[in-house]
1. Is it the case that some residue within the range A:59-69 is at the interface with chain B (Cβ under 8 Å from one of its Cβ atoms) and of a type outside the set (D, E, K, R)?
2. Among the residues of the range B:145-169, write down those that are outside any helix (DSSP H, G or I) and either among the acidic types (Asp, Glu) or over 21 Å from B:ILE343 (Cβ atoms) (or both).
3. Among the listed residues A:GLY41, A:GLY16, identify the single one that is of a type outside the set (Phe, Trp, Tyr), closer than 23 Å to B:GLY85 by Cα and in contact with a Pro (Cβ under 9 Å, 6 or more places away or on another chain).
4. Considering the range B:222-244 alone, what residues qualify as being more than 14 Å from chain A (Cβ to nearest Cβ), within 23 Å of A:LEU29 (Cβ to Cβ) and crowded, with 24+ Cβ neighbours inside 10 Å?
5. Among the residues of the range B:136-182, count how many are of a type in the set (S, T, N, Q), within 14 Å of another protein chain (Cβ to nearest Cβ) and farther than 30 Å from B:VAL221 by Cα.
6. Residues of the range B:204-221 being of a type in the set (A, V, I, L, M), more than 20 Å from B:ARG111 (Cβ to Cβ) and within 11 Å of another protein chain (Cβ to nearest Cβ), which ones?
7. Sort out for me the helices (runs of 4 or more DSSP H) sitting completely within the range B:283-361 that have 3 or more residues that are surrounded by 15 or more Cβ atoms within 10 Å (Cβ to Cβ) and within 13 Å of chain A (Cβ to nearest Cβ).
8. For residues that are among the aromatic types (Phe, Trp, Tyr) and either closer than 15 Å to A:MET72 by Cα or within 9 Å of chain B (Cβ to nearest Cβ) (or both), tally how many sit in the range A:1-40.
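The values are calculated or read from the model by the stated rules, or taken from the named source; none is laboratory data. In this text the structure is predicted, and so the values were computed from the model without any measurement. Counting neighbours? That spans all protein chains shown, and the Cβs are built from the backbone with ideal geometry, glycine included.
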Amino acid sequence: MDTNSEKVATFHNHYGAMMFKKRVSGSRLAPVPRSLSSSCGTAAFFSSPFDVELSDENLEAVYIKEGESYRMIYENKE
Amino acid sequence: MTLVKDKRNLILTGVAIGIISVALVLLGNPGNMGFCIACFLRDIAGAVKLQTAGVVQYVRPEIIGLILGSFIISLLKGEFKPRGGSAPITRFFIAFMVMIGALVFLGCPFRMVLRLAAGDLNALVALAGFASGIAIGCYFLSKGFSLGRARTQTKSEGVVLPASTILLFVLFIAVPSIFAFSTSGPGSMHAPIIASLAAGLIVGIMAQRTRMCMVGGIRDVILVKDWTLLGGFIAIFASALVMNIATGKFNLGFAGQPVAHSQHVWNFLGMLVVGLGSALLGGCPLRQLVLAGEGNTDSAVAVLGLIAGAAFAHNFSLASSAYSATSVGGPSIYGKVAVIGSIAILLAIASINTFIKKREA
């Protein structure tokens, strides 16, 4: 499952996305894809494997790209 | 790939919104005011007698349509997800100040683009102030500014604001005599009710689907070098520009623009307040209406803050007067003090929520 295909991490705030980018090399920031959320925050796109260790309180969820759609692989419970 | 699709949808939506906006002016709305979230919320505040400036009182069906359009489409698409609890009182007062800034300029970011598309160069000065305000907001966002996490709310909590707009519309149609309506000035100028409501509904639906947001657009360009969101507003500008030229409504210059003034410093600073405040709120006034329709109760509180700000702006002479044959227009000394004070307070709110909170954590 957690291969090197594209993943998207969403956050509760922009700062969370910036901090995530620093932790995950090769990741890039862009607006959250509309199909994932009606909010307009910043998402981090990355292809390296995701590990729960990479999460923090600002992370909302992580999705993996499957064809043209996304599937949630991690959700940071409130 | 998805972002390419998002961009295409935003541009198509922007083109449609630009056409609808100019059409509303042709149908009777004030000049360059097909849409103006600040002006229209102010008119509603006047209609319900929260302020008594005789020339700006009307129940604008566009506002009702925008909230309900977003509400209906988010229900249908399973995106009606009430959330809130992210510093509601702070948001109320930020929105309050955003409204004061907008009424010193005489327009929200949406109307700023529409004014620009009609050749009103005062809006260009305002755009510079607006972008500066957003840039300042982005500095705080990148240093860790946050008003705190929103959490899931009950469905009934999320329905309150959309439901209250339905009630307002029913009362407006059934017993209009209870409201105050302008008989002269911008408040007396409006498109037919059904056209205004339909335009609001359509734009509300489209804005919800595409997340159209002027503040978010410039913020994304500054923070992540992404033009997707801004593309929507560039499209509104382009299509409204073509419409204005085609219908003879284009008039390039600073002087003699409808519901506008040429006090450059105050156009710049007024919209700086709007840019900074909206960046802290996470969206421009249009976006706050759309999010409120999706059940976001923080945005609903922001909408109430905008309305309260409008009432205070007129009751305490903070709002600018427009250029006329007898006056150059612009803000009073009270309006100027309110703008400077708002900038100071917004910087204090941003600093406290960025630096002091982090130290506490």
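1. To start, the set of residues in the range A:59-69 that are at the interface with chain B (Cβ under 8 Å from one of its Cβ atoms) comprises A:68.
Next, only the ones that are of a type outside the set (D, E, K, R) stay: none.
No: zero hits.
2. Within the range B:145-169, the first condition is being outside any helix (DSSP H, G or I), and the residues that meet it are B:145-154.
Across the range B:145-169, the qualifying residues are B:GLY148, B:ARG149, B:ALA150, B:ARG151, B:THR152, B:GLN153, B:THR154.
3. Working: A:GLY16 fails: in contact with a Pro (Cβ under 9 Å, 6 or more places away or on another chain).
Going through A:GLY41, A:GLY16 in turn, the sole match is A:GLY41.
4. Looking only at the range B:222-244, we keep the residues that are more than 14 Å from chain A (Cβ to nearest Cβ), and these are B:234-244.
Next, from what is left, pick out any that are within 23 Å of A:LEU29 (Cβ to Cβ): B:234.
Those that are more than 14 Å from chain A (Cβ to nearest Cβ), within 23 Å of A:LEU29 (Cβ to Cβ) and crowded, with 24+ Cβ neighbours inside 10 Å: none in the range B:222-244.
5. 1
6. Listed by number, the list holds a single entry, B:VAL221.
7. Working: elements: B:285-293, B:297-315, B:333-351, B:357-360.
Answer list for the range B:283-361: B:285-293.
8. Applying the first criterion (among the aromatic types (Phe, Trp, Tyr)) to the range A:1-40 yields A:11, A:15, A:20.
Checking which are either closer than 15 Å to A:MET72 by Cα or within 9 Å of chain B (Cβ to nearest Cβ) (or both) leaves us with A:11, A:15.
Number of matching residues: 2.
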